[in-house]
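Each reported figure results from applying straightforward, stated rules to the coordinates on display, with no laboratory input. Please read these numbers as outputs of a predicted model, since none were measured by experiment. Here Cβ is always computed from backbone atoms with ideal geometry, including for glycine, and neighbour counts include all displayed protein chains.
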Amino acid sequence: MAHIAATRDGFGSEIVELGKSNNKILVLSADLEDATRAEFFRDAYPNRFFTVGIAEQDLVGTAAGLSMAGYIPFIASFAVFLTNRAYDMLRLDVCYNECNVKIVCSHYGVTVGEDGATAQCLEDLAILRVLPNMKVLCPADVIEARKATRLMAETPGPIYMRTSRAPFPIITKESDPFILGKANILRGGKDATVIACGGLVSEALNAADDLIQEGIDIRVVNMHTIKPIDAAMIEKCVSETGAIVTAEEHQRAGGLGSAVAEVAAQKCPVPMEIIAVDDQFGQSGSPEELLRHYHLKSPDIIAAVKRVIARKVK
């Protein structure tokens, strides 16, 4: 296996595998099956694949109806199109009725790259996690994306997963657990905790490697489930390390950092920093250029770790 891969490829390969044994699984697309990797399922099971064209609202409504007929529909589009254009349908058709609809959105964050601001979704975690009955996943690598796809098929009710266009380092193992609402500690540490999701988990691990050379020992947590958030893990890390940094490819408001802060503020307040896009739209550029421009790289995590450690109660 390659050392880097896009998480959208994990969805595409796993949904084909799931389709072999479960003929209730359907895949629906809004004219972006190639980019989301829904085309893998289309090619394998053409009679269970449907495209509605560029009509995201119809996509959601159709999937809700199919779920009520006993099917397990996976709907695929870009994050910016599906979560923004079809929000009302996601809210009322899917969440209000607790429909068994699985939403898979690729092309999140600034690593969409040269497509620019109109195609870069930095709001999806905030939009989706506020909805009752919705669960929200953000896998760190292609292995987790496959596990998340399997979990979605096996777990009743609405679930959202964001997948990447850009390739990210493969940092988890096939043997690692992937349990809804249960974060994984990827690296132990005592001086501070970095809680990250998606592609920034690898940046957090890079930061840990650099910091240990300076005598700073940080814990790295992969929070692959944004909702339900693993409150027990947050409390454990706070009590044992006394400081937290979060890292995500999302707006600062409403995403992983906000979810972690909600727990920490109520249970165990400690110094905290949020690495995220600071109230800005994206722009055109390479993924690497944009990660650096929006301060989402390991040096930014390192600086934040040093700030929270300096603020710890002695």
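Some observations on this one:
- In the range 1-88, the inverse of the mean reciprocal separation of distinct Cα atoms equals 13.3 Å; this is its Kirkwood hydrodynamic radius.
- Protection proxy ranking of 216-224, 140-148, 302-310, 41-49 - average other beta-carbon atoms within 10 Å, highest first: 140-148, 216-224, 302-310, 41-49
- Proximal lysines to Lys24, defined as alpha-carbon separation beneath 28 angstrom and excluding residues fewer than eight positions away on the same chain: Lys102, Lys135, Lys147, Lys182, Lys227
- log10 of Debye I(q)/I(0), alpha-carbon scatterers only, for the chain at 0.06, 0.07, 0.08 Å⁻¹: -0.18, -0.25, -0.33
- Modelled label positions at Asp210 and Arg307, each set 7 Å beyond Cα in the direction of Cβ, lie 1.5 nm from each other.
- Here the Karplus relation 6.51 cos²θ - 1.76 cosθ + 1.60, evaluated at θ = phi - 60°, turns the backbone of the range 216-222 into coupling constants of 10, 10, 10, 8, 10, 10, 8 Hz, with x for every Gly and Pro.
- Between Lys20 and Arg187, the modelled label-to-label distance comes to 3.6 nm, taking each label 7 Å out from Cα in the direction of the beta carbon.
- Virtual paramagnetic centre 7 Å along Cα→Cβ of Asn97, amide N under 15 Å, in the range 39-72: 57-72
- The simple spin-label model puts a point 7 Å past each Cα toward its Cβ; for Glu262 and Ala35 those points are separated by 3.0 nm.
- Unmatched cysteines, the chain - criterion: no other Cβ of a Cys under 4.7 angstrom: Cys95, Cys99, Cys105, Cys121, Cys237, Cys268
- 3J(HN,Hα) from dihedral phi, the range 85-96, Karplus parametrisation 6.51/-1.76/1.60, rounded to Hz, x for glycine, proline: 6, 10, 4, 4, 6, 4, 5, 8, 5, 8, 6, 4
- GluC sites (Glu not before Pro) within the range 43-131: DSSP coil, no more than 15 neighbouring Cβ in 10 Å: Glu98
- Within the range 4-169, DSSP assigns beta bridges of which about 10% are antiparallel (rounded to the nearest 5).
- Highest to lowest packing among 172-180, 202-210, scored as the average C-beta count within 10 Å: 202-210, 172-180
- Rg and Dmax over the alpha-carbon atoms of the range 184-308 stand at 13.5, 41 Å.
- Value of relative contact order over the range 4-169, rounded to a whole percent, pairs C-alpha under 8 Å and six or more apart: 30 percent
- Distance from the Cα centroid of the range 135-161 to that of the range 206-261 is 20 Å (rounded to whole angstrom).
- Loop-resident trypsin sites (Lys or Arg not before Pro) (DSSP state other than H, G, I, E or B) in the range 174-211 with no more than 12 further Cβ atoms inside 10 Å of their Cβ: Lys190.
- Legend: ranking of residues Glu17, Glu154 from fewest to most surrounding C-beta atoms inside 10 Å; resulting order Glu154, Glu17.
- Shape of the range 4-169, Cα gyration tensor, a/c cut at 1.5: rounded
- Extension gain, Asp58 to Asp176, is 38.8 nm, computed as 0.36 nm per intervening residue step minus the present C-alpha separation.
- Net charge, Tyr160 excluded, C-beta distance under 10 Å - Lys, Arg +1, Asp, Glu -1: +4
- Vicinal HN-Hα couplings computed from phi for the range 270-276 (Karplus, 6.51 cos²θ - 1.76 cosθ + 1.60; Hz; Gly/Pro x): 9, x, 8, 10, 10, 8, 6
- Between Asp115 and Ala253, full extension at 0.36 nm per residue minus the direct alpha carbon distance yields a gain of 47.4 nm.
- Taking the fewest neighbouring Cβ atoms within 10 Å as the starting point, the ordered list for Arg165, Arg150 is Arg150, Arg165.
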